[in-house]
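Inspection log for the structure reproduced underneath, given as structure tokens.
Every read-out reported here was derived from the displayed coordinates using simple, explicitly stated rules and does not represent laboratory data. In this text the structure is predicted, and so the values were computed from the model without any measurement. We place every Cβ from the backbone using ideal geometry, glycine too, and count neighbours over all the protein chains shown.
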Amino acid sequence: MSCGKPLAGAILLALLMSTPPATAERDSGASHNLLFKASINDDWFVISRSNLAYRNDFDDLFLGFTGGGLGLQWTEEWSLRAGYRHVWFKPQDDWLEEDRLYVEAFYANRFDHVRFTSRSRFEFRFFDDRENDLRFRNEFVVESNRSIPGTALRPYAEEEFFYSTNDDRFEANWLGAGLAWRPADGIKLKVGYRWNRFRVGDDWRDRDTLVTGINLFF
């Protein structure tokens, strides 16, 4: 069984959405992630994710969030999750806050050569400084089932788009790749590159992002 055609279509869509004009502004930064997932029993689990993000050539911390949720392992491949995140962000000079509720469906399966995941999420976003928003996000990740010869590293590729229902438009797209390492049971480490294409007002901008991740499973 193969997921090649759907994946190729998703990546092509991402490239078409993300193609930058010659005048687009470009930046560099980093995104550092920490994820915990702990089983309650065979069906239920809790999950938490925190993040710190930098821009302006890695010099400016402008976003952070933390939160948690509850998940149901509905079938072997599908799980349903709901949770809350508190977000701090700095669009200009001042820190602002966002309360975010989310519901999502998560699909994971192993094929001959790759592990494929797809996450579809609705985010209910509540702000003090502007109109509340409902945002849809969809992420695809493909990770090799085989390590690079002579190493314990497995390459992966990922794609995620963001769609705002208030503005009725795509507001960001992430396209990236990297390496994953599982040094022990319940631990997954990731490092990679992400092309972050995002809107500022009506203009598109680009950020080259170093992405790191620590995933812990209990």
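Taking θ = phi - 60°, what integer Hz values does the Karplus form 6.51 cos²θ - 1.76 cosθ + 1.60 yield along region 68-74, in sequence order, with x for Gly and Pro?
Ordered by residue, 3J(HN,Hα) equals x, x, 10, x, 10, 7, 6 Hz.
What does the charge count around residue 170 come to, taking other residues whose C-beta lies under 12 Å from its C-beta (Lys +1, Arg +1, Asp -1, Glu -1)? All intermediate terms of the calculation are to be shown ahead of the outcome.
On the way: positive: 135, 137, 169, 197, 199; negative: 160, 167, 168, 171.
Summing Lys and Arg as +1 and Asp and Glu as -1 gives +1.
Step through the residues of region 189-199 one at a time and calculate ³J(HN,Hα) from phi using the Karplus curve (6.51 cos²θ - 1.76 cosθ + 1.60, θ = phi - 60°), rounding each to whole Hz and writing x for Gly and Pro.
10, 9, 9, x, 10, 10, 8, 9, 10, 8, 8
Mind checking which aspartates and glutamates have their C-alpha under 19 Å from residue 190, skipping anything on the same chain fewer than 8 residues away?
139, 143, 158, 159, 160, 208
Quickly estimate the mean residue ellipticity at 222 nm for the chain, helices only: each DSSP H run with n ≥ 4 gives -39500 (n - 2.57), and the total goes over all residues, rounded to 500.
Rounded to the nearest 500, the figure is -2500 deg cm²/dmol.
Determine ³J(HN,Hα), in whole Hz, for all residues of region 82-99 in sequence, where each value follows from phi through the Karplus function 6.51 cos²θ - 1.76 cosθ + 1.60 and θ = phi - 60°; x replaces Gly and Pro.
Running phi through 6.51 cos²θ - 1.76 cosθ + 1.60 with θ = phi - 60° gives 8, x, 9, 10, 10, 10, 10, 8, 10, x, 10, 9, 9, 7, 10, 10, 9, 9 Hz.
For the chain, what is the percent of antiparallel DSSP beta bridges, rounded to the nearest 5?
DSSP beta bridges in the chain are roughly 90 percent antiparallel.
If R₀ is 41 angstrom, what is the calculated FRET efficiency for the pair residue 181 and residue 94, using the beta carbon separation as r and rounding to 0.05?
0.60
How many percent of the alpha carbon pairs in the chain exceed a separation of 25 Å? Don't jump to the answer; show the numbers that get you there.
Numbers: 9910 of 23653 pairs.
Everything past 25 Å amounts to 42 percent.
Given the options 54, 40, 66, identify the residue whose Cα lies farthest towards the positive end of the charge dipole of region 4-217 (+1 on Cβ of Lys, Arg; -1 on Cβ of Asp, Glu).
40
Got a sec? Charge dipole of the chain, +1 on Cβ for Lys and Arg, -1 for Asp and Glu; which of 96, 149, 175 is way out at the positive end?
Ranked along the dipole, the leading option is 149.
Of 182, 49, 125, which has the largest mean-square fluctuation in a 10 Å C-alpha GNM of the chain?
Highest fluctuation of the listed residues: 182.
Please give the charge dipole size of the chain, origin at the Cα centre, charges +1 on K and R Cβ atoms and -1 on D and E Cβ atoms. Round to the nearest 20 debye. It would help to have the intermediate numbers written out before the result.
Values: 28 positive and 34 negative charges, 190 e Å.
It works out to roughly 920 debye.
Averaging sequence separations of C-alpha pairs under 8 Å and six or more residues apart, then dividing by the length of the chain, give the relative contact order as a whole percent.
So the answer I get is 18 percent.
Roughly how many debye, to the nearest 20, is the charge dipole of region 30-129 about its Cα centre, given +1 on each Lys and Arg Cβ, -1 on each Asp and Glu Cβ, and no other charges?
400 debye
Going 7 Å from the Cα of residue 124 toward and past its Cβ, which residues in region 63-77 have a backbone nitrogen under 17 Å from where you end up?
Counting backbone N atoms under 17 Å from the label point, the list is 68-71.
Amide H to amide H, which residues 5 or more places from residue 166 or on other chains are under 5 Å from it, using H placed in the peptide plane?
The list, which skips near neighbours in sequence, is 134.
Report the extension gain between residue 28 and residue 169 in nm, rounded to one decimal, defined as 0.36 nm multiplied by the number of residues separating them, less their alpha carbon distance.
48.3 nm
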